[in-house]
Each structure stands twice: as structure tokens, then as C-alpha cells.
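In what follows, a single structure is set out as C-alpha cells and then discussed.
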Amino acid sequence: MKMKISGVPLGCNYMDLWKENMKEWDGTLSNRMIHDEHEEDFWHSFLEKKKQNGEGYINSYAYRIQEELLTLLNINDRVVEIGPGWGNYTFCTAEKVKHLTCVDSSQSVIRFLRDETEKQQLNNVSFIHGKWEQLNLEQRYDVVFGINCYYRVSDIGEALLKMNDAASRLAVAGMTSGPEKPHYLDLHRERGYSIKFRRRDYIHLQNILYQLGIMANCKMIEIPKTSTYSSYESLIKDNVSKILTKDYKEQEVEQALSPYVTEKDGRYEYSYTFHAALLYWKPIKI
């Protein structure tokens, strides 16, 4: 059944566009998008690798987003987090609020987070295994949020409406955003290169909410980043991955990288800025 658009049409159905843009640049859907078992295999391998390598679980960029997210939460809130992954926002949220319920479709994620919350003596966290858009919730929560968790959600309108309906005080949808690394933009604009630009971004979510009749606030968060490389070869290798032009010239890539890269003690540093967006709104009746 086609969802009724109650807000502004905008001349484009952004829910259909979202679904279309789930495809790769070659027009196919990845196995992770189609098959739940492939998604489960990914998370099992990913989390095992993190544990074996002794890596820190929180991404460096997440701390800036945490700061802004936590300002939206109250100590007496009962909160749902959708798609927590390896816990970028889980542990800090649990430390602030009365109770946190994590919803994830991966059993590996739930096992990992259950073990970690026990280690950190966070006793106010519970877990639901399932896909958010398919759950039948038995209660409402003060706040419902999800950050970078929508990549497999094809019925994005239904998922956002469920967030709206399940929250009594606030709903928050977050996503890291661009722009792409500047050398990619330069290659596209000045050399005509085809670049694998992101196909879905926060602005799609904002427009979908608008079409659903939800006027969401948008908080943009600036995130500086420096990528460090131990060799010039690794610098080049890491910064051609989004080039779709098959016959690209390495010399042109080097020229595009040059203004943004500095050498320091035999290591190469590439500094740039990307962003994250937090879309948040007071739930409305639709």
C-alpha cells in the first residue's frame, strides 16, 4: 500500500528516491541490503575483529555528536536507541538517562552490547532483537533516536513514522554527512571525473519528514578529521576508492591531493572537515 503524503509533495517522492538510492552505483543491491544472514555475518566478523585487535569501540567523530545528543536527553528519560551497532552512542546515553532500550536486528550486536554494558556496570539497559520497522511496540518512550542506522531500511517513511509514534517527548534521527573529501570534488569539477558520491544523506531524511508533515529541527555538527598515512603509496591507495572513472590518471589524483596533504616525519596527513546532522522533533499526531 502506497503511503499517503500528508505534508508538502516537493515535486518528488523522497521515500521512493530513498529506496532507489539504496542501490550501488552499478544499479545492484548489495548482499547486505538483501539478505539478513549477510548482515549478521558482517557484524559478527566486524565485532570479533575489533575485540581481537583491542580497538577502541567509540569512533573519534562520535564524541562531537554525543555532546549534542546528550543535550537533548533528560536524566528521567526512558529512551530507545535504534541500531546501536558497536555503541558509539549507547554507553554515554545509558550513563545519563533512567533507562535505555536498544533495538537491533543483529544478534551479534546485542551480545556484544550486553557484554559491554555488564562490564561497565550499566544496569539500566535492555535489548530487543528485531528490525525497528517491523516491531510491535507495547509502550511509548520519552525519546526515540537512531544515528547512522537507516542504511538497510527500505520503508523509511514507515520507520520515521514509528519513531514519531513511539516517542512521547522527542524523536531524533541522525546521520553523518559530507561534503566528500575536497580532492574528490576538485577532480569532479575540474577534471570531469565520475565520483562515487553518497547516494543518501540527511537531506533526504529531512525532506521525507517534511513530506510526512513533520517539521524537524536540524542541528549541523562540524567534525574536523585528519587521516594519517605511513607511506605515500597508502595515501594514494586510500584516496582513489571513490573514483568511478576507469582510466583516471594517478598524476591528476596526486595534483588534486597536493593542496590538502602535508608530510611530517615521513608520514602524510590529510585534514578535512565533514559534518553530522541531528534531525529532532516533538512527536505529532499524523
- Note on the structure: Computed about the Cα centre, the charge dipole of segment 204-286 from +1 Lys/Arg and -1 Asp/Glu charges at the Cβ has a magnitude in debye, to the nearest 20, of 700
- Can you work out the FRET efficiency for the pair SER194 and GLU68, with r the C-beta to C-beta distance and R0 = 45 Å, to the nearest 0.05? 0.85
- Task: Any chance you could check the Cα centroid distance between segment 140-177 and segment 53-116 for me, in angstrom?
- Result: 15
- Query: What's the percent breakdown of Cα-Cα distances in segment 131-278 across 10 Å bins, shortest bin first?
  - Reply: 10, 31, 25, 19, 13, 3
- Query: What is the list of residues in segment 83-101 whose amide nitrogen lies under 16 Å from a point 7 angstrom out from the Cα of GLN121, following Cα to Cβ?
  - Reply: 95-96
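Please get the size of the charge dipole for the chain, origin at its Cα centre, with Cβ charges of +1 on Lys and Arg and -1 on Asp and Glu, quoted in debye to the nearest 20.
So the magnitude is around 720 debye.
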- Message: Show me, bin by bin at 5 Å from 0, the whole-percent P(r) of the chain based on Cα pairs.
- Response: 1, 5, 11, 13, 16, 17, 14, 10, 7, 4, 1, 0, 0
- Message: Below 8 Å, C-alpha to C-alpha, sequence gap of six or more: please give me the relative contact order for the chain in percent.
- Response: 21
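Using mean Cβ contacts within 10 Å as the protection proxy, how do 187-193, 251-257 order, highest first?
Numbers: 187-193: 15.1, 251-257: 16.7.
The peptides rank, most packed first, as 251-257, 187-193.
FYI, it's all coordinate maths here, none of it is from the lab. The structure presented is a predicted model; accordingly, all values stated were derived computationally and were not measured. A quick note on method: Cβ atoms are made from the backbone with ideal geometry, for glycine too, and the neighbour counts reach across all protein chains shown.
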